[in-house]
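Below is one structure, written out as structure tokens; comments come after it.
The values are calculated or read from the model by the stated rules, or taken from the named source; none is laboratory data. Keep in mind that what you see is a predicted model, and the values were worked out from it rather than measured. Here the Cβ is made from the backbone with ideal geometry for all residues, glycine too, and neighbour counts use every protein chain on show.
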Amino acid sequence: MLKLSGVSKSYGSGVKAVDKLDLHVRPGEIFGFLGPNGAGKTTTIKMVVGILRPDEGRIEIGGVDLAQDPMRAKFMTGYLPDEAELWDKLTGIEYLNFMADVYGVSLEDRRTRAMTLLETFEMTKAVSDPIGSYSRGMRQKIALIGSLLHRPKFWVLDEPMMGLDPRSSFVLKELMRAHVREGGSVFFSTHVMEVAERLCDRVGIINKGKLIAVGTVEEIRALFSQEGDKTLEEVFLKVTEAKLPEDQLASLAK
């Protein structure tokens with residue numbers, strides 16, 4: 001569903017936020033993208049959804065080259081940013097209608113889909129209120145609903161649990177599982193290792209712009225056979241904080 005080949009991005013300082021990233025997210029899987037602050041997660045996600053343009057490399061979504069056919073690739077994608085910047089003067093329903101218009105969702109489909117999701121996230125009463133009156137969690141929920149109205153095959157979420165209460169976090173995880181059962185793919189970043197460990201089919205760990213480990217949680221643990229009972233959090237801390245030999249880093253990223 002997603003394929004990154006040699007993708008790099010530098011900012012004005014010349015420091016590479018993402019350095020020759022190769023990554024493949026398969027159809028029908030939840031892929032967790034992990035890394036410390038400043039590792040390159042959000043930069044990668046912004047390139048995947050077309051907000052930032054890579055300096056080099058190729059990004060494909062569903063076999064479509066993002067640079068060659070961005071509209072087709074974006075119509076396959078639903079995106080939730082880490083900080084959803086919404087229009088405070090719009091009501092929730094006006095925002096959802098705007099999102100549906102952007103993606104060409106019919107009136108009948110948007111009503112059915114929006115009502116189901118609004119009920120799921122307990123937003124049916126608040127949807128008529130201005131977004132400026134929403135709490136952070138409510139803003140997150142309306143943005144989540146907007147990202148799903150067009151039934152994207154590829155769902156990209158940047159720290160999606162931030163601001164959500166426990167019930168809404170549970171609902172979101174169930175939606176992610178349902179999305180992949182229907183043949184879609186989920187690519188999301190998180191700092192919550194327990195969520196990644198329980199939810200993801202595979203995870204990738206990025207640090208200083210480089211992908212240093214990718215695979216199932218069990219596969220990543222197996223690379224530390226002498227300490228095979230480590231949690232994902234302990235493995236994460238080890239591979240992102242320690243200066244591992246280059247040959248070991250190479251094996252982790254395979």
**Enumerated strands (runs of 3 or more DSSP E) restricted to the stretch 12-74, each holding at least 2 residues that are under 17 Å from LEU157 (Cα atoms) and free of Cβ contacts under 8 Å to residues at least 24 places away in the same chain** = none
**Message:** For TRP155, only one of the following conditions fails: (1) among the aromatic types (Phe, Trp, Tyr); (2) surrounded by fewer than 20 Cβ atoms within 10 Å (Cβ to Cβ); (3) closer than 16 Å to MET76 by Cα. What is its number?
**Reply:** (2)
**Message:** Among (1) in contact with a Leu (Cβ under 7 Å, 6 or more places away or on another chain); (2) at pLDDT below 90; (3) not basic (Lys, Arg), there is one condition ILE205 misses while meeting the rest; what is its number?
**Reply:** (2)
**Asked** Do you know which of the residues in the stretch 208-254 that are small (Gly, Ala, Ser) and farther than 25 Å from SER8 by Cβ is modelled with the lowest pLDDT?
**Response** SER225
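For every residue, the table says whether it meets (1) closer than 30 Å to GLU241 by Cβ; (2) surrounded by fewer than 21 Cβ atoms within 10 Å (Cβ to Cβ).
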| residue | (1), (2) |
| --- | --- |
| VAL7 | yes, no |
| PRO54 | yes, no |
| GLY78 | no, no |
| ASP82 | yes, yes |
| THR91 | no, yes |
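One line per residue, one yes/no per condition, for (1) polar (S, T, N, Q); (2) more than 25 Å from the chain's Cα centre (by Cα); (3) closer than 28 Å to THR42 by Cβ:
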residue: LEU80; (1), (2), (3): no, no, yes
residue: ALA84; (1), (2), (3): no, no, yes
residue: LEU90; (1), (2), (3): no, yes, yes
residue: ASP101; (1), (2), (3): no, no, yes
residue: MET115; (1), (2), (3): no, no, no
residue: PHE121; (1), (2), (3): no, no, yes
residue: THR124; (1), (2), (3): yes, yes, no
residue: ASP129; (1), (2), (3): no, yes, no
residue: GLY137; (1), (2), (3): no, no, yes
